[in-house]
1. Output the number of residues of the stretch 1-59 satisfying the condition of being over 18 Å from Asp82 (Cα atoms), at pLDDT below 60 and either among the small types (Gly, Ala, Ser) or touching a Ser or Thr at 6+ places or on another chain (Cβ under 8 Å) (or both).
2. Within the stretch 94-106, does at least one residue satisfy the condition of being surrounded by 13 or more Cβ atoms within 10 Å (Cβ to Cβ), modelled with pLDDT under 85 and part of a loop (DSSP other than H, G, I, E, B)?
Amino acid sequence: MTTTDINHRNSRANPHEDAKHLFAVGQAVRLRGGFGISALSSDIYHITSTLPARGGSPQYRIRNEEERHERMTTQDSLEAVDTSPGGDRETLIERTFGHGQGTETQ
């Protein structure tokens, strides 16, 4: 067995070691969903704790203020939420192209 083989074998010993948490405790997130889902306040969760990776994706405990329980989910199922005023009420088109201000032709 060569040194390269040993290093390769050892690198697989803990495959989740490189998985880094992208979200912080207290951060607002939303579960990824399909098209046509509105951005309701009930869709917003907050990270309550970080958990070890599962299947290569870090895990989190999340909680919605309107629910009495916490959920556990993986990082690949979450997306960050902008909690600034107006951030959740804007549509995708408004976030992408603005509110039509300054687009008038003279």
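The values are calculated or read from the model by the stated rules, or taken from the named source; none is laboratory data. Since the structure is predicted, the reported quantities are computational estimates derived from the model, not experimental observations. FYI the Cβ positions are ideal-geometry reconstructions off the backbone, even for glycines, and counts take in every protein chain you see.
1. Counting residues in the stretch 1-59 that are over 18 Å from Asp82 (Cα atoms), at pLDDT below 60 and either among the small types (Gly, Ala, Ser) or touching a Ser or Thr at 6+ places or on another chain (Cβ under 8 Å) (or both) gives 4.
2. Within the stretch 94-106 (the criterion being surrounded by 13 or more Cβ atoms within 10 Å (Cβ to Cβ), modelled with pLDDT under 85 and part of a loop (DSSP other than H, G, I, E, B)), the answer is no, since none of the residues qualifies.
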